[in-house]
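**Student:** The following block contains the structure, expressed as structure tokens.
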Ligand SMILES: [Fe+2]
């Protein structure tokens, strides 16, 4: 007889939920961290600010390139980092904690590092239709790559290639949290994910979320990707993972994600 773990329901049912933006002013704290005005993030104009600061060359493909590293550097090394980290821990405890408690959990594991993601508009020069796939070359064992030379990011303006997190060794008990910091994440500035792990690429749709909402979803098994951002909005979002205590493997297949690694930290509820 198998024991049924109530927390498994968290993995199977995608949920869009809300949090109190007054109690957790995440966009304001992020703006402070990046040293930009909050409206720059809210209105999705971070790319214009970056241009103004001279860290995006005019006409550059803004979804990839050194400027993203510069913004990431600001994120990682700003002196306000501890402030947003303590807000992150409080958010986990007060927002996610009750969901876990409701499933009978007494502890959870969470991403030690809060990740920030950007998806910037692609310059107009890159928004023309992509070239057709190459003709199949029989001398290369039948394999073709549609366009572009880089393995993985093989279409222009795409910052995250299609994948499931399990492809990178993430443990199957993980639950993804995705939370936009700009006013509205939608269409091609958002993240596309398949409806279910088995639903196929045809079911792929972007998250459509407002600031103050977040989604719990199963990125471990549901393939996801970004597409060329043809909106004029830079999406800024938080991306992290939680594991209910009963689903955490202390000795898993990949030590990075179990007790021996630093990717996850434990929180008592
Ligand atoms: Fe992912």
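**Student:** What is the packing order of peptides 102-109, 182-189, taking the mean over residues of other C-beta atoms within 10 Å and listing the highest first?
**Tutor:** So the order, starting with the most tightly packed, is 182-189, 102-109.
**Student:** Another question, if that's okay. Considering all projection directions equally, how large on average is the shadow of the alpha-carbon convex hull of segment 208-248, in square nanometres?
**Tutor:** Approximately 4.2 nm², given one-decimal rounding.
**Student:** Moving to a separate point now. Arrange the peptides 27-40, 218-231, 81-94 so that the one whose residues have, on average, the most other Cβ atoms within 10 Å appears first.
**Tutor:** 218-231, 27-40, 81-94
**Student:** Across the Cα atoms of segment 185-269, what radius of gyration and what greatest pairwise Cα-Cα distance (Dmax) are found, in Å?
**Tutor:** Answer for segment 185-269, Rg first and Dmax second: 15.7, 45 Å.
None of the figures in this text is laboratory data; all of them are computed from the coordinates on show. Keep in mind that this is a model prediction, so the values were computed, not measured. We place every Cβ from the backbone using ideal geometry, glycine too, and count neighbours over all the protein chains shown.
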